[in-house]
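Asks: Take a look at the following structure, please.
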C-alpha cells in the first residue's frame, strides 16, 4: 500500500471515526476520536474519564495503613508497585529502616508481578494480531506465574506483600520450593515465546515499523518504562534511583532504537526473563531476620517523594502527612499516564487496522491513569 | 540526561531572583532528593527553563490545598516572613516562605522533576483568586497534569493550550476537591449505618 | 516455537482447567479467603475495625457485651485485620465459596459476641475479653491467665501490678 498524500485533517476527504470507549485493546474504556484520511490516521483525540473514581480524595479520608490496601487496588497488573511506592514514601517521612529480609521479599514480589504483567501484554498482542493459538499459549504460561502468586501470596492479583515498614509475607521452605520450581518452568517457556516473537512472520509483519515512536518524541512526551526503552531512552528506576536491594541485583536495562510495537514487546519479554534471574538472585542471597519493623510504625508530619519501577515504568508517589492518621495529600502518577500522549505520535499515518495493536503496545492502564 | 548538578542551587537562585528555599538529601545508594520552594510563583517558568537546560524531565505535578496550620504553631512559626506572624495575638494567618497566606484556601503546586534518577520538587504557593503560568511552553508533559489540576481545584492556570476537562464530565460542578463529599457517597453507601443495622440483624439471627 | 510439538503436548496433558463444580478445585494453603473470628482469644482492642480499608468490620457495644460483625460482601480479602491483629483472633481461611443469591446477601456475615461477665473480684460487669498478656514478664501460667480472664480491666491491672511487685 502506498500513501499518496500527507493526511490533512481539514481536507474534505477526512472522516471522523470513534474508536472505543470499549474493547480498543483491553476491556478497559478509553475513547479515541480519530480522523482518518483514506485508510490512514490523520489526527488522534484522546477522551478519558470513563473510570474516574476519585481515589485520591478517598485516600485522604483513609489512614495510612488503610491506604496500603487502597493503593493496591488502584490497578490489577501493577498492584504491587502502588503500595510499594506508597510505603517507601511513608517510610521516608517516618525515618523507618526496612529490615534486609523485608527488602529482598519486596523485590521478589515486584519481579513476580513483572513477569505476569509482561506476559499478559505480549499475549494480548498475539490476540490482536489474530494469532490466537499463540495468545492461548502465552496466557497458559502466564498461568504458572498466577498459580505461583496464589501459592505464595494467597491471591492471583493483589499480593498483599507490602506493609509500611517491610514485607507482609514471608517465605518458608514450601513456598521457596514452589517459587523455584515455578521459575524453572517459566524460564524455558518464556525463552521459547521470545524466539517465536523474534521469528514468527505473522507477528513481525504486523508489528515491525508499526506505531513508531522516535527517540526525540519519546523524550518530549516523557514516556517511561518499556515504551521509553524501546525508543532508545536508557532509563530504569531500578538502576537510576535504586531502592530496596536493586543495587545488588542483576538488573539488565535493555534498550532498542526502532521504537516500534515489536521492539516494545521484545523489551517486555527480555524484562520478564531478567525478572526471573533477579528473583533467583534474591532466593540465593535471602538473609534471615525480621521481615518488617513490627506493629503500626509511627509516621509524623512531613513530605516525601518515592519512585519505583512498575512493570509499565516509573511510578511516582508524593505523600504529605499532617498530624492526623490520614494523609494530607496523596498523589501518584502511573506510567500509563505519561504514555498516552505518545499515542498521537505512534498513530501518525498509521493504518486503521493497526490502531488496536498500537494502543496495546503502550500496555495501557485506564484504571491507573484516571484513578 | 544527567543527575542534579553540584551548582544547582546557584543556578536556581539565578533563575528566581525573589529567592528560593532549597534543601537536598542524598541517600546511601546515591539518590538525591531535593526540594525547592519558590518565594514568588511568577518565577516558575524561569525555573522550569533552567531545569530544562539541566536535562530534567517533568514527572508529575501535584495540586493541593494545604490546611491552615493550627493557631498555636503560628506563634513559634519558623518561617521568617515578617509582618503579622510574630505577634501571637494577631489573627493574621501564617505566611508561607514566600509570603502567601496559609489560610486553608491557598493552593500548593508541587512540580516533581526527574534528573536521571535524582528527584527535584519545585513548590509554588498560589493565593486564592490568583493564578499561575502553565508549564506547557517548556514541558509538553505538563499538559495532562495541569488539565487535571484545573478540573479538581478552582485554580486558574494561564497559558494552557487546551484547558478542557480531562477526566471529569462537563456536567460536574468545578473544584470537586474543594468540596466536602460525604463518605457514604464516596464509597457507594457500602458502610452506612442503615446497611450495617441490616447486616448485624441478619448476623445475630444466623448465629442463633 | 514448534506448534506441532505444543499441540502434541497439550493433547497428552489434557484440559488445563479445573473440573469444578464436579470435583473440588485445588486451593492454595495460603489462599486469602473468608474471614473467621475467634471471640475466645480476642482482646477487644478493635484494631481490626480501624485497619479495615473497606469498613467491613464493626464491633459494637450492646447490652450483652460486644458484637463482632464482618460482612463478607464488603470485605476485600486484603488480610489487614489478620496481619495487625495482636492475638491472631482473626484468621483468613482458604474458603472462597461465597457465591450467593441476592436475598442471602445480609447473611454473608461472620458474627460473634464477646459477652459481659461479672468480675470475680469486684463484682462489676465487664467484657469477657481475653486478657492482654503478651507484654507481661515472666509469662503468665495457664491458671493465672484463666483467673485474669474472669476479672474486669481494673482488677486485671491490679493483679498484674501486684504480681510485678511480688517478683
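Asks: Which of the following residues is crowded, with 17+ Cβ neighbours inside 10 Å, more than 13 Å from chain B (Cβ to nearest Cβ), in a loop (DSSP other than H, G, I, E, B) and at pLDDT 85 or above: A:108, A:74, A:34?
Replies: A:74
Asks: If you take just the strands (runs of 3 or more DSSP E) that sit entirely in region C:30-100, which of them hold at least 2 residues that are out of contact with any helix residue (DSSP H, G or I) (no Cβ under 9 Å at 6 or more places or on another chain) and within 14 Å of chain B (Cβ to nearest Cβ)?
Replies: C:65-71
Asks: Follow-up. Name the residue that is surrounded by the most Cβ atoms within 10 Å (Cβ to Cβ), counting only residues in region C:121-149 that are assigned to a loop (DSSP other than H, G, I, E, B) and within 22 Å of the chain's Cα centre (by Cα).
Replies: Across region C:121-149, the extreme among qualifying residues is C:129.
Asks: Same structure again: Quick one: residue B:164 ticks every box in (1) at pLDDT below 80; (2) more than 14 Å from chain C (Cβ to nearest Cβ) except a single one, so which number is it?
Replies: (1)
Asks: Please find, among A:49, A:45, the residue that is surrounded by fewer than 21 Cβ atoms within 10 Å (Cβ to Cβ) and assigned to a strand (DSSP E or B).
Replies: A:45 is the lone residue from the list that is surrounded by fewer than 21 Cβ atoms within 10 Å (Cβ to Cβ) and assigned to a strand (DSSP E or B).
Asks: Would you mention how many residues in region A:112-169 are free of Cβ contacts under 8 Å to residues at least 24 places away in the same chain and touching a helix residue (DSSP H, G or I) at 6+ places or on another chain (Cβ under 6 Å)?
Replies: If we filter region A:112-169 for residues that are free of Cβ contacts under 8 Å to residues at least 24 places away in the same chain, which is where we start, we get A:123, A:127, A:132-133, A:135-136, A:139-140, A:143, A:150, A:154-156.
Now narrow it down to the ones that are touching a helix residue (DSSP H, G or I) at 6+ places or on another chain (Cβ under 6 Å): A:123, A:127, A:135, A:139, A:156.
Number of matching residues: 5.
Asks: Those residues that are closer than 20 Å to residue A:54 by Cβ, more than 10 Å from chain B (Cβ to nearest Cβ) and outside any loop (DSSP other than H, G, I, E, B), I need them from region A:322-371; list them, please.
Replies: Within region A:322-371, A:327, A:336, A:366, A:367, A:368 meet the criteria.
Asks: Here's a follow-up. Return the pairs, sorted by first residue and then second, in which the second residue is assigned to a loop (DSSP other than H, G, I, E, B), the first residue lies in region A:290-315 and is surrounded by fewer than 18 Cβ atoms within 10 Å (Cβ to Cβ), the beta carbons are less than 8 Å apart, and the residues are 6+ apart or on different chains.
Replies: From residues that are surrounded by fewer than 18 Cβ atoms within 10 Å (Cβ to Cβ), the pairs are A:290/A:99; A:294/A:165; A:295/C:86; A:301/A:322; A:301/A:323.
Asks: How many of the residues in region A:247-270 are part of a loop (DSSP other than H, G, I, E, B) and either more than 25 Å from residue A:193 (Cα to Cα) or within 14 Å of chain B (Cβ to nearest Cβ) (or both)?
Replies: 4
Asks: Among the residues of region A:202-223, is there at least one that is outside any helix (DSSP H, G or I), within 20 Å of residue A:315 (Cα to Cα) and within 19 Å of the chain's Cα centre (by Cα)? If you could, list the steps in order and put the result at the bottom.
Replies: Here is the first cut: in region A:202-223, the residues outside any helix (DSSP H, G or I) are A:208-214, A:222-223.
Add one more test, that the residue is within 20 Å of residue A:315 (Cα to Cα), and what stays is A:222-223.
Now narrow it down to the ones that are within 19 Å of the chain's Cα centre (by Cα): A:222-223.
Yes; the residues of region A:202-223 include at least one that is outside any helix (DSSP H, G or I), within 20 Å of residue A:315 (Cα to Cα) and within 19 Å of the chain's Cα centre (by Cα).
Asks: In region C:5-13, is there at least one residue being part of a helix (DSSP H, G or I) and modelled with pLDDT under 85?
Replies: Scanning region C:5-13, I find at least one residue that is part of a helix (DSSP H, G or I) and modelled with pLDDT under 85, so the answer is yes.
Asks: Which members of region A:280-289 meet the condition of being without any contact (Cβ under 8 Å) to a residue 40 or more places away in the chain and either in contact with a helix residue (DSSP H, G or I) (Cβ under 9 Å, 6 or more places away or on another chain) or surrounded by 15 or more Cβ atoms within 10 Å (Cβ to Cβ) (or both)?
Replies: Scanning region A:280-289 gives a single hit, A:281.
Asks: Within region A:226-237, is even one residue in contact with a strand residue (DSSP E or B) (Cβ under 9 Å, 6 or more places away or on another chain), in contact (Cβ under 8 Å) with a residue 12 or more places away in the chain, in a loop (DSSP other than H, G, I, E, B) and within 11 Å of another protein chain (Cβ to nearest Cβ)?
Replies: Yes, there is a match, as at least one residue in region A:226-237 is in contact with a strand residue (DSSP E or B) (Cβ under 9 Å, 6 or more places away or on another chain), in contact (Cβ under 8 Å) with a residue 12 or more places away in the chain, in a loop (DSSP other than H, G, I, E, B) and within 11 Å of another protein chain (Cβ to nearest Cβ).
Asks: Being over 30 Å from residue A:234 (Cα atoms) and either in contact with a strand residue (DSSP E or B) (Cβ under 6 Å, 6 or more places away or on another chain) or surrounded by 20 or more Cβ atoms within 10 Å (Cβ to Cβ) (or both) is the filter here, so list the residues in region B:103-131 that pass it.
Replies: B:106, B:107, B:108, B:124, B:125, B:126, B:131
Asks: Something else now. If you take the residues in region B:17-38 that are away from every other protein chain (no Cβ under 14 Å) and surrounded by 20 or more Cβ atoms within 10 Å (Cβ to Cβ), which one is farthest from residue B:142 (Cα to Cα)?
Replies: Selected residue: B:20.
Asks: Taking region A:70-102 on its own, how many of its residues are in contact (Cβ under 8 Å) with a residue 24 or more places away in the chain and closer than 23 Å to residue A:302 by Cα?
Replies: Here the count works out to 20.
Asks: More than 22 Å from residue A:111 (Cβ to Cβ) and touching a helix residue (DSSP H, G or I) at 6+ places or on another chain (Cβ under 8 Å): is that true of residue A:262 in this structure?
Replies: So residue A:262 fits the description; yes.
Matching residues to (1) under 24 Å from residue A:30 (Cα atoms); (2) more than 15 Å from the chain's Cα centre (by Cα):
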{"position": "B:100", "(1), (2)": "no, no"}
{"position": "B:108", "(1), (2)": "no, no"}
{"position": "B:115", "(1), (2)": "no, yes"}
{"position": "B:133", "(1), (2)": "no, no"}
{"position": "B:154", "(1), (2)": "no, no"}
{"position": "B:160", "(1), (2)": "yes, yes"}
{"position": "B:175", "(1), (2)": "yes, no"}
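Asks: Check off (1) part of a loop (DSSP other than H, G, I, E, B); (2) closer than 30 Å to residue C:29 by Cα; (3) away from chain B (no Cβ under 14 Å) for residue A:244 and give me the number that stays unchecked.
Replies: Going through the list (1) part of a loop (DSSP other than H, G, I, E, B); (2) closer than 30 Å to residue C:29 by Cα; (3) away from chain B (no Cβ under 14 Å), residue A:244 breaks only (3).
Asks: I'm trying to understand the selection: among the residues of region B:116-135, which are within 13 Å of chain A (Cβ to nearest Cβ) and on the phi > 0 side of the Ramachandran plot?
Replies: Our first condition is that a residue be within 13 Å of chain A (Cβ to nearest Cβ); within region B:116-135, this holds for B:116-123, B:135.
B:116, B:117, listed by residue number.
To keep it simple, each residue is scored yes or no on (1) touching a helix residue (DSSP H, G or I) at 6+ places or on another chain (Cβ under 9 Å); (2) at pLDDT 90 or above; (3) surrounded by fewer than 14 Cβ atoms within 10 Å (Cβ to Cβ); (4) not in a helix (DSSP H, G or I).
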site: A:175; (1), (2), (3), (4): yes, yes, no, no
site: A:182; (1), (2), (3), (4): yes, yes, no, no
site: A:189; (1), (2), (3), (4): yes, yes, no, no
site: A:195; (1), (2), (3), (4): no, yes, yes, no
site: A:198; (1), (2), (3), (4): yes, yes, yes, no
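Asks: (1) within 26 Å of residue A:295 (Cβ to Cβ); (2) assigned to a helix (DSSP H, G or I); (3) more than 15 Å from the chain's Cα centre (by Cα): which one isn't true of residue A:151, the others all being true?
Replies: Condition not satisfied by residue A:151: (1).
This table checks each residue for (1) away from every other protein chain (no Cβ under 14 Å); (2) at pLDDT below 70; (3) not in a loop (DSSP other than H, G, I, E, B).
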{"residue": "B:51", "(1), (2), (3)": "no, no, yes"}
{"residue": "B:67", "(1), (2), (3)": "no, no, no"}
{"residue": "B:72", "(1), (2), (3)": "no, yes, yes"}
{"residue": "B:79", "(1), (2), (3)": "yes, yes, no"}
{"residue": "B:82", "(1), (2), (3)": "yes, yes, no"}
{"residue": "B:87", "(1), (2), (3)": "yes, yes, no"}
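Asks: Follow-up question, since we're still on this one. Among the residues of region B:136-156, which ones are farther than 18 Å from residue B:175 by Cβ and more than 12 Å from chain A (Cβ to nearest Cβ)?
Replies: Of everything in region B:136-156, just one residue is farther than 18 Å from residue B:175 by Cβ and more than 12 Å from chain A (Cβ to nearest Cβ), namely B:137.
The values are calculated or read from the model by the stated rules, or taken from the named source; none is laboratory data. Worth saying up front: this structure is predicted, and the values here are computed from it rather than measured. Please note: Cβ atoms are built from the backbone with ideal geometry, for glycine as well, and neighbour counts cover all protein chains shown.
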